[in-house]
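Trainee: Take a look at the following structure, please.
The values are calculated or read from the model by the stated rules, or taken from the named source; none is laboratory data. What you see is a predicted model; the values in this text were computed from it and never measured. Please note: Cβ atoms are built from the backbone with ideal geometry, for glycine as well, and neighbour counts cover all protein chains shown. Side chains included, ligands, DNA and RNA excluded: accessible areas come from the protein's heavy atoms. Shrake-Rupley method; radii C 1.70, N 1.55, O 1.52, S 1.80 Å.
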Amino acid sequence: MITQGYNVLLVSPQTDSNLQPVIEQAKAANIPVVDVNDAVIPQAEHYVGNVQRDNGVRVAKWFITNRPQGGKVAIIEGQAGVYAAVQRTDGFKSTIGENSSFKIVASVPGNWDRQTSYDAATNILNQHPDLIGFYANNDGMALGVVEAVKAAGLAGKVAVFGTDGISDAYASIKAGELTGTVDSFPVLTGEVAMETALRLVAGQKLPRVVATPQALITADNLARYQGKGVDVRAVLMEDAKAAK
């Protein structure tokens with residue numbers, strides 16, 4: 001793409017190192033690079049996306065608010081070393097660790113895989129049948145955990161949270177199975193990234209980080225974010241005003 005003379009590049013890297021040489025080449029060719037919602041590469045001059053760490057923070061705060069008695073919780077991590085997985089896990093661990101009523105009894109990789117996560121959750125539940133909840137780094141893994149919870153006869157007793165806001169996660173929440181997901185609104189993020197790219201091509205000066213919104217979705221607010229005619233931008237703006 002650099003040799004073909006593109007005016008701007010949008011990249012969504014899995015790690016903070018796998019595109020570094022390319023970004024250096026783009027810089028040398030005066031081609032702006034927009035890093036979109038995954039690993040933050042230091043060499044990229046612009047990042048558009050959500051704060052990955054905040055995904056885990058939001059779920060931890062839900063447990064602290066909704067399970068005030070505390071208890072045992074577990075984490076199903078993404079692939080080891082992947083930026084998003086590391087950040088999401090750290091956000092959850094550090095936030096829930098501030099409350100002594102909670103104990104993290106397991107934090108194991110699910111490698112973004114549903115079956116691997118099912119197996120991991122099954123082992124954890126066998127060891128800790130009194131577990132009160134799981135946090136998974138993405139929705140695919142969380143849905144595997146849901147199946148493990150159901151198989152253990154603990155549906156309704158063990159809260160399960162995922163991340164990403166995929167359609168299957170929304171359906172599972174609606175069905176009363178998955179407790180929640182942190183939706184990062186990827187379509188909106190892509191739109192903002194493209195707008196950022198066009199502004200850069202037009203010569204506008206922009207901040208290094210353009211943060212995009214995310215929201216913790218549960219049965220309580222599901223209808224506000226999903227459904228025919230729902231304007232997600234408008235809902236997010238309302239939530240932002242309410243938070244102030």
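Trainee: What aspartates and glutamates does residue 205 reach when the alpha-carbon gap must be under 17 Å and sequence neighbours fewer than 8 apart in one chain are set aside?
Mentor: Within the straight-line limit of under 17 Å, residue 205 reaches these aspartates and glutamates: 35, 45, 195.
Trainee: Right, here's the next one. Which aspartates and glutamates, on any chain, are close to residue 72 with Cα under 13 Å apart, when same-chain ones fewer than 8 places away are left out?
Mentor: 130
Trainee: Turning to a different aspect of this structure: Pop a pseudo-label 7 angstrom from the Cα along the beta-carbon direction at both residue 105 and residue 69 and give the gap in nm to one decimal.
Mentor: The two pseudo-label positions are separated by 1.5 nm.
Trainee: For the pairs 61/103; 174/241; 93/157, flag any whose C-alpha to C-alpha distance is greater than 23 Å.
Mentor: Among 61/103; 174/241; 93/157, the Cα-Cα distance tops 23 Å for 174/241.
Trainee: If each DSSP helix of 4+ residues adds -39,500 (n - 2.57) and the sum is divided by the residues in the chain, what number results at 222 nm, nearest 500 deg cm²/dmol?
Mentor: -13500 deg cm²/dmol
Trainee: Right, next: What residues qualify as long-range amide H neighbours of residue 159, i.e. H under 5 Å apart, gap of 5 or more or another chain, H built at 1.01 Å from N?
Mentor: 133, 134
Trainee: Which value, in Å² and to the nearest 10, is the accessible area of residue 51 when all protein chains are kept and the probe is 1.4 Å?
Mentor: Probe radius 1.4 Å; accessible area of residue 51 about 90 Å².
Trainee: Give the share of C-alpha pairs in each 10 angstrom bin for the chain, from 0 to the last occupied bin, in whole percents, shortest bins first.
Mentor: Percent of pairs per bin, in order: 7, 30, 31, 21, 9, 2.
Trainee: For the pair residue 230 and residue 202, what calculated FRET efficiency results from E = 1/(1 + (r/R0)^6), where r is the Cβ-Cβ distance and R0 = 35 Å, to the nearest 0.05?
Mentor: Details: r = 31 Å, r/R0 = 0.89.
That pair, residue 202 with residue 230, gives E of 0.65.
Trainee: Next question. Taking amide H positions as placed 1.01 Å from N in the peptide plane, with prolines and chain starts having none, which residues 5 or more places from residue 103, or on another chain, fall under 5 Å of its amide H?
Mentor: 71, 72, 73
Trainee: Same structure, new question: Could you work out the relative contact order of the chain? I mean the mean sequence separation of Cα pairs under 8 Å and 6+ apart, divided by the number of residues, in percent.
Mentor: Computed value for the chain: 18 percent relative contact order.
Trainee: With Cβ to Cβ distances under 13 Å as the rule, what net charge do the other residues near residue 120 carry (K, R +1; D, E -1)?
Mentor: Here the count lands on -3.
Trainee: Still on this structure, please answer the following. Please compute, over every Cα-Cα pair in the stretch 107-244, the percentage with a separation greater than 27 angstrom.
Mentor: Counting every Cα pair in the stretch 107-244, those more than 27 Å apart make up 33 percent.
Trainee: Tell me the net charge near residue 235. Cut-off is 13 Å between Cβ atoms, residue 235 excluded, with +1 for each Lys or Arg and -1 for each Asp or Glu. Write down the numbers at each step before the final one.
Mentor: On the way: positive: 224, 233, 241; negative: 183, 231, 238, 239.
Taking every Cβ under 13 Å from that of residue 235, the sum is -1.
Trainee: Let me check against my output: what whole-number percent is the relative contact order of the stretch 40-165, with C-alpha pairs under 8 Å and at least 6 apart?
Mentor: Relative contact order here is 26 percent.
Trainee: Now for a different question. Per residue, how much accessible area does the stretch 37-155 have with a 1.4 Å probe, in Å²?
Mentor: 41
Trainee: Return the FRET efficiency for the residue pair residue 241, residue 171: r is the Cβ-Cβ distance, R0 is 30 Å, and the value is rounded to the nearest 0.05.
Mentor: Numbers: r = 29 Å, r/R0 = 0.98.
Calculated transfer efficiency: 0.55.
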